[in-house]
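The values are calculated or read from the model by the stated rules, or taken from the named source; none is laboratory data. Just so it is clear, the structure is predicted and the values come from calculations on it, not from any experiment. Heads up, the Cβs are rebuilt from the backbone with ideal geometry, glycines too, and the neighbour counts pull from every protein chain shown. In case anyone asks, the SASA skips ligands and DNA or RNA and just uses the protein heavy atoms, side chains included. Shrake-Rupley method; radii C 1.70, N 1.55, O 1.52, S 1.80 Å.
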Amino acid sequence: MGIKVAKFGGSSLCDAEHFRRVKAIIESDPDYRYVVPSAPGKRFDADEKITDMLYQCHRMVERNRSHEEIFAKIAERYRQIARELELDFDVEELLLETSDAIRQYKNPDFAASRGEYLNGILLSKYLGWDFIDAQDVVKFDRQGSFASEWTNEIMRDALQKHERAVIPGFYGSYPNGDVHTFSRGGSDISGAIVARAAGADVYVNWTDVSGFLMADPRIVKNPRCIRELSYRELRELSYMGATVLHEDAIFPVHKAGIPTNIRNTNDPDDPGTMIVMQPSEHRDDGQVITGIAGHKNFSLLSIEKAMMNAEYGFGRRVLQALEDFGVSFEHLPTGIDTMSVVVADRELVTRKDQIIQRIQQTCQPDSIEISTGIALIATVGHGMTSAPGTAAKLFNALYEAGVNIRMIDQGSSEMNIIVGINIEDFETAMNAIYRAFVKD
C-alpha cells in the first residue's frame, strides 16, 4: 500500500455537504493516510471566510472591545457543520475554550490559526482519524522563518505513531511554543510538509478548480487545462502570477521528489494537473508551450554607457545601488553598451530619485531612462527547447496583434521567454500568444 497525503482548501470544507464529499474522496482510496484541512471558506459570494472573521476577533480584542458578536458567527458555522454531520462530541466546550483563548493570548496568528484548528478537529471526528496539532509538529525559528529540517524530523516521528491522522494547515509554533502562521494560503505549504515527512508517493492538493489552466481564464476564454507540468515550469508560472498553488508549497515536495496532483473536490473524477520532477518525453497534448502567465506594473531602468562591456564591476555597481535602497530586481536584459533592469513599480515609488543619483555617482553613465507602465508576460514550456521557431511564432503573434515589444528576456534554460509590453496591450498580448500556440 502506498501513502497519499491530501490537502483540502477552504472552499472544499466550507460546509457539511463539502465535508461529506471530502469523506467520500478519502474513503474511495485506502492509500490516503494523512489529511491537511484549511479553515472553512466562503459558501457563497457574499459569505465571509472564517479566517477573515478570526482576524476581526483579534482586532476587537486588541482594542479592548468584545469580540463575542463576531465569534458567535464563527461558532454557528462550526455548530452547523457538527450538527448536520451528527458528530458525537462536545463542540460547545471546544468553541468556548477557543473564544476564551483568543481573548487571553491577544495574538493575531493564534486567532487566525483557530480556523484550521477547529476544522481539523471536526474533520478528524468525522473521519474517525487521529488528530495531530500542527502547533506541536510544525516549527519556526525565533525570527519566524520556517525551520524545515527541524519540522521534518519532528513531523516524521509523529506520523509514524499514527496510521491515519488529520493535521491542520497554515500554522505551527516558535521554539517557545507560541503559535505562528504562514502567509495566507499557507495550508498548501503545510500539506507539502506533511507529504515530505510521510515519504508520500503523491501529494494531492484538493481545491475548487480542476488543475492549472494554460492562461488566466479572466483574460483568455476557456483556456485548456495543463495535464502535466514540471516543478520548474510551475515555479516560472507561479512567479509570474499563476496562483492555484501557494508558491512556497513547491519546495518541500520538490526536495523529496514527490509529485503533486491538483484536483477538484467538486469534480473528483477529473484527473486534474500532475506536477512532476521531469516532464514526460512525449506529452499527450503535444503542446510546445505549457502555459502563459503575466504581471502588470513594472518599470524599465535603461542605462547606457559607451564601452560598458570593458568596464570592470559596472553591473555590480548598478545592482549595488538598488540593494543600498532595499530594491530587488526582476530581470536584467543587457547589450554591449546598455544594461536594463526591470523593477516592480511598488519598489520605486519613494526611491527612484535616490537610485538614479547613486547610479550616476558610481557608474557615470551616458544616460539613464526610466520607462513606466510595463507589463511582463512569460511563455513557459519544456517543449520550447526542441521546437524550432518558437520565438518567431511568439513575436509574429504579437506583431500581427499590433503589440509593441519593449523588452525580451530568455532564460538560459530556453524554457521561458519573457516579453515586456505596454500595460494597455496586456490582455491583447495574452490572447495573441495563446491563440498562436493552442489550436482548439
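Structural remarks
- Residue ID - farthest from Phe212 (Cα to Cα), chosen from residues in region 292-315 that are of a type in the set (A, V, I, L, M, F, W, C) and open to solvent by less than 50 Å² (accessible area, probe 1.4 Å): Met308
- Pick from region 136-183, criterion in a helix (DSSP H, G or I) and of a type in the set (A, V, I, L, M, F, W, C), ranking: surrounded by the fewest Cβ atoms within 10 Å (Cβ to Cβ): Trp150
Matching residues to (1) at pLDDT 95 or above; (2) in contact with a Phe, Trp or Tyr (Cβ under 6 Å, 6 or more places away or on another chain); (3) more than 23 Å from Arg235 (Cβ to Cβ); (4) open to solvent by 70 Å² or more (accessible area, probe 1.4 Å):
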| residue | (1), (2), (3), (4) |
| --- | --- |
| Gln287 | no, no, no, no |
| Thr290 | no, no, no, no |
| Arg317 | yes, no, yes, no |
| Arg346 | no, no, no, yes |
| Gly402 | yes, no, yes, no |
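- Members of region 100-113 that are open to solvent by 10 Å² or more (accessible area, probe 1.4 Å) and either touching a Cys at 6+ places or on another chain (Cβ under 6 Å) or part of a helix (DSSP H, G or I) (or both): Asp100, Ala101, Arg103, Gln104, Tyr105, Pro108, Asp109, Phe110
- Test: Arg196 is over 30 Å from Arg20 (Cβ atoms) and either open to solvent by 30 Å² or more (accessible area, probe 1.4 Å) or within 14 Å of the chain's Cα centre (by Cα) (or both): no
- On inspection, Asp425 does not qualify as open to solvent by 60 Å² or more (accessible area, probe 1.4 Å), at pLDDT 95 or above and among the charged types (D, E, K, R).
- Output for region 328-344, where each listed residue is surrounded by fewer than 14 Cβ atoms within 10 Å (Cβ to Cβ) and farther than 17 Å from Glu304 by Cα: Ser328
- Residue match in region 65-75 (condition: open to solvent by less than 90 Å² (accessible area, probe 1.4 Å), under 14 Å from Arg114 (Cα atoms), at pLDDT 95 or above and part of a loop (DSSP other than H, G, I, E, B)): no
- Of the residues making up region 212-234, none is within 30 Å of Gly128 (Cα to Cα) and either buried (at least 20 other Cβ atoms within 10 Å of the Cβ) or among the acidic types (Asp, Glu) (or both).
- Candidate set: region 82-99, residues that are assigned to a loop (DSSP other than H, G, I, E, B) and at pLDDT 95 or above; chosen: the one most open to solvent (accessible area, probe 1.4 Å): Glu86
- Filter pass, Phe325 being farther than 30 Å from Ser230 by Cα, open to solvent by 30 Å² or more (accessible area, probe 1.4 Å) and aromatic (Phe, Trp, Tyr): yes
- Among all residues of region 114-133, there is none that is touching a Phe, Trp or Tyr at 6+ places or on another chain (Cβ under 9 Å), among the small types (Gly, Ala, Ser), part of a helix (DSSP H, G or I) and open to solvent by 30 Å² or more (accessible area, probe 1.4 Å).
- Any hit, region 244-264, residues being open to solvent by 30 Å² or more (accessible area, probe 1.4 Å), basic (Lys, Arg) and outside any strand (DSSP E or B): yes
- Given (1) modelled with pLDDT under 90; (2) open to solvent by 60 Å² or more (accessible area, probe 1.4 Å), index of the condition Pro279 fails: (2)
- The numbered conditions (1) crowded, with 20+ Cβ neighbours inside 10 Å; (2) of a type outside the set (Ser, Thr, Tyr); (3) under 30 Å from Asp109 (Cβ atoms) are all true for Asp208 except (1).
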